[in-house]
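Remarks on the structure that follows.
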Amino acid sequence: MKFKYITFIKDLSKDDLLLVGGKAANLGEMVNAGLPVPNAFVVTVDAYKEFLKKSGMKGRIFKILRETDINNPKQLEENTKKIREIIENSEMPEEIKNEIAEAYKRLSQEFGKEEEYVIVRSSATAEDRPGASFAGQMLTLLNVKGFEEVVKAIKKCWGSLFTARATFYRVQKGFKHERVLIAIPVQKQMGALSKEDYLSGKYKAGVGFTVHPATGERDKIVIEASWGQGESVVSGVITPDTYTIDKKSSNVIEKRIGSKEKMRVTKIEGKLEEIETPKEMRDVVCLTEDELKQLWELALKLEDHYKFPQDFEWVSENGKIYLVQSRPVTVFYEKKEWEIEVKQPPLLKGLAASPGVVVGKVKIIKTLEEAHEMMKEGNILTTTMTSPDWVPFMKIASGIITSEGGITSHASIVSRELGLPCIVGATNALTTLKDNMLITLDATTGVVYTGEVKELVAREKALEIVPEEAAKLKTETKILMNLGVPTEIEKYKHLPFDGIGLMRIEFIIASWVKEHPNYLLEKGEEQRYIDKLTEGITMVAKAIYPSFVVVRFSDFKTNEYRELVGGEKYEPLEANPMLGWRGVSRYISKEFEKAFRLECRAIRKVREEMKLDNVWVMLPFVRTVWEVEKCLKIMEDEGLRKEENFQIWAMIEVPSAVLIIDKLCKYFDGFSIGSNDLTMGILLSDRDSATLANMGYFDEMDPAVLKTLKIAIKGAHKYDRTISICGQQPSYNLRFTEFLIRNKIDSISVNPDAVCRVRKFIYEIEEKMK
């Protein structure tokens, strides 16, 4: 049979992500890299799309999603459950079923069986990629046997694309629901053994990190292991053995024996059974020296192949290690050198899983039902363990404590993603801590103290922004910073940025001047306008001298200018100010030219009288060549013209500017992309429209937008002009940032709180590209 909807992993690589999703593509990549992986076939995304098309359910699904408040856990759970029921109760097209039957038959025969036990997994097209890991978010079904059961399991996995946790995570990471598709790997189930075999120690499983996930130490490998099926470790239901291995020598630096009270084993009929671990197996490490050596070698091979730290799952059957999954480590922390002495004894200890310090009140939650009723924003969530269903409640917590689990448990991974302080494996947490008890959670060392420990809070405040570490990460792409409030430069000047890529002067006008410039001109008080602008710009330029400051001339819209004192007299009422009289069109108009000349005089005063020649300027909302020529002529009249130490940039916010960038290069030294306005112009989607945004129209990852960005970058480089970006997206959408880096943008200008984070991410991407 020639397959249309099925492929085997031997025929896949990481380049097939759009066809089979991240998980399946990684399985194929590992097989073709010569790594030991149990065989599998994959039901591709084409099958999922055909299923949605033939069943006619697509419109119903996305209507339900549009009507769902993502921040209402109860509504999110109820609505996503409806979607899953629609999927699971719909008939699968016959052609797809026939192909699954044939592929399952071939896989079973490979192992000498008529019907083999398999694992049915979920593999989304946005999954397991740098910047986003959907760990534990979608369904994996173990020990599935028989064609009909396989078909049911596949539909369940399709439906798991719409669990509350997966839906919530997509929104948080900026993925559009309709653009995330799903494929289903069906893989040979390892460990289909008797209970006696499990109790004799023949089967073990666990997870591994090729970088220490809690400290970020790149010279360490961390392995977590337990008896029985790996689901016990991955889900965090037990405290596993933890091994820290020196990456260079393979020596075990640290070994911690976990309690391993229970193990999950495969019953004869293929279902999982949880049994008590015999006492003699609890108090000993479960991995042999040879197994640790195999895991060390495989960890090195994985990181060498992917050129990026990996989080992997493995199994050991009769002493042989197999890899069943690998994905990029999306969040890890560099080790910080600090010491602080806390005089009071600790109340509780656990494993440091996600660093940070928080003071808050304990809320002990044992079930999801209790979470719905009792969990309040800011509580320190204390529970036995978390699962993906807990994510909405973790998001509103200020910290996490679990009594079970290791540093690769669900609570650990998600806390690191959310930036929440978290300790796990704190055995006596539920009995030692009491509801509403005020505690200090020091998740950097894994310790809990009674009350507020002020010295720890002070240390955490000092470590909130750690520019020294970020500064060590040298990048080819320059990291610039956006700034609007001049006085804030004192707080941020120590951050590792290469210059100010966007200094907005609107705050100075609105908060320091408060009056419309034409009104000041009318009163003969224009010098106050010049002086206030000079004061604010000088404050910033002086603080970071000799690094450059790109000052964007004012870009208020008419409705914003009307709010200034005297503004109503000079500003028309526009139906859509966003597309109206703004930017260069305002500067060259007879109604505003005199006010624009005041801005030019302020810039000249900063450069000549204040001797701050690190100040450059940028024209916003450029539409045409002829308006640029007029504007530059006004600037020349005011003594501002391009020269060696004075650059003039233009904002790329209007699609026409991209189409004529070759002509604009004649007039400008550089460009900065305003991705918000540019996206609005390309898609004709009002960026202030919540309706359109919720429907997915305002999307800076839209193919049309990305294509336009490529054209702009390429056009600027053709004429040796620098090009940057100063929109909001790079500050929080790492997928967007990666796209820019791979297309060789010269610099990225981000908000102050994102400087260190984005520098680190850019460093990782550039290292991977070498």
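The values are calculated or read from the model by the stated rules, or taken from the named source; none is laboratory data. In this text, all values refer to a predicted model and were calculated from it rather than measured experimentally. Backbone-built Cβ (ideal geometry, glycine too); neighbour counts: all protein chains shown. For the accessible areas, the whole protein counts, side chains as well, though only heavy atoms, and no ligand, DNA or RNA atoms are used. Shrake-Rupley method; radii C 1.70, N 1.55, O 1.52, S 1.80 Å.
Could you grab me the full set of residues in segment 580-595 that are part of a helix (DSSP H, G or I) and touching a residue at least 40 places away in the same chain (Cβ under 8 Å)? So that I can check it myself, show each step before the final result.
As a first pass, look at segment 580-595 and keep what is part of a helix (DSSP H, G or I): 584-587, 593-595.
Scanning segment 580-595 gives Val584, Ser585, Tyr587, Glu593, Lys594, Ala595.
Listed by first and then second residue, the pairs linking a residue in segment 283-296 that is part of a loop (DSSP other than H, G, I, E, B) and crowded, with 19+ Cβ neighbours inside 10 Å to a residue that is modelled with pLDDT under 95 and of a type in the set (A, V, I, L, M), with Cβ atoms under 7 Å apart and 6 or more places separating them unless they lie on different chains, are Cys286/Ala225; Leu287/Ala225. Of the residues screened, Val758 is not one that is at pLDDT 90 or above, part of a helix (DSSP H, G or I), open to solvent by less than 10 Å² (accessible area, probe 1.4 Å) and farther than 16 Å from Leu502 by Cα.
Every listed requirement among (1) open to solvent by 30 Å² or more (accessible area, probe 1.4 Å); (2) part of a helix (DSSP H, G or I); (3) on the phi > 0 side of the Ramachandran plot is met by Gly21 save one, (1).
Could you list, in sequence order, the residues of segment 200-217 that are at pLDDT 85 or above and either of a type in the set (Lys, Arg) or not in a loop (DSSP other than H, G, I, E, B) (or both)? Within segment 200-217, Tyr203, Lys204, Ala205, Gly206, Val207, Gly208, Phe209 qualify.
When you look at Met618, is it touching a Phe, Trp or Tyr at 6+ places or on another chain (Cβ under 8 Å), surrounded by 21 or more Cβ atoms within 10 Å (Cβ to Cβ), within 21 Å of Lys707 (Cβ to Cβ) and not aromatic (Phe, Trp, Tyr), yes or no? Steps first, answer last, please.
On the way: touching a Phe, Trp or Tyr at 6+ places or on another chain (Cβ under 8 Å): yes; surrounded by 21 or more Cβ atoms within 10 Å (Cβ to Cβ): yes; within 21 Å of Lys707 (Cβ to Cβ): no; not aromatic (Phe, Trp, Tyr): yes.
No.
The residues in segment 25-41 that are under 21 Å from the mean Cα position of the chain (by Cα) and not polar (S, T, N, Q) can be counted, and the count is 1. Only a single item in (1) surrounded by fewer than 19 Cβ atoms within 10 Å (Cβ to Cβ); (2) farther than 21 Å from Glu526 by Cβ; (3) small (Gly, Ala, Ser) is not met by Gly639, and it is number (2).
Looking at segment 496-564, the helices (runs of 4 or more DSSP H) lying wholly inside it that each contain 2 or more residues that are surrounded by 18 or more Cβ atoms within 10 Å (Cβ to Cβ), in contact with a Leu (Cβ under 6 Å, 6 or more places away or on another chain) and not hydrophobic (A, V, I, L, M, F, W, C) sit at 526-544. Ser354 falls short on exactly one of the conditions (1) at pLDDT 90 or above; (2) open to solvent by less than 10 Å² (accessible area, probe 1.4 Å); (3) of a type outside the set (A, V, I, L, M); (4) touching a Leu at 6+ places or on another chain (Cβ under 7 Å), and that condition is (1). Against the list (1) modelled with pLDDT of 90 or more; (2) under 15 Å from Lys363 (Cβ atoms); (3) buried (at least 21 other Cβ atoms within 10 Å of the Cβ), the condition Val447 fails is (2).
Figure legend. Inter-residue proximity from segment 629-658: first residues more than 20 Å from Asp720 (Cα to Cα), second residues open to solvent by 80 Å² or more (accessible area, probe 1.4 Å) and modelled with pLDDT of 95 or more, beta-carbon distance below 7 Å, spacing 6+ or different chains. Indicated pairs: Glu638/Arg601; Glu638/Arg604; Gly639/Arg604; Leu640/Arg604. Residue-level check: of (1) in contact (Cβ under 8 Å) with a residue 40 or more places away in the chain; (2) among the hydrophobic types (A, V, I, L, M, F, W, C); (3) not in a loop (DSSP other than H, G, I, E, B), Met92 misses just (3).
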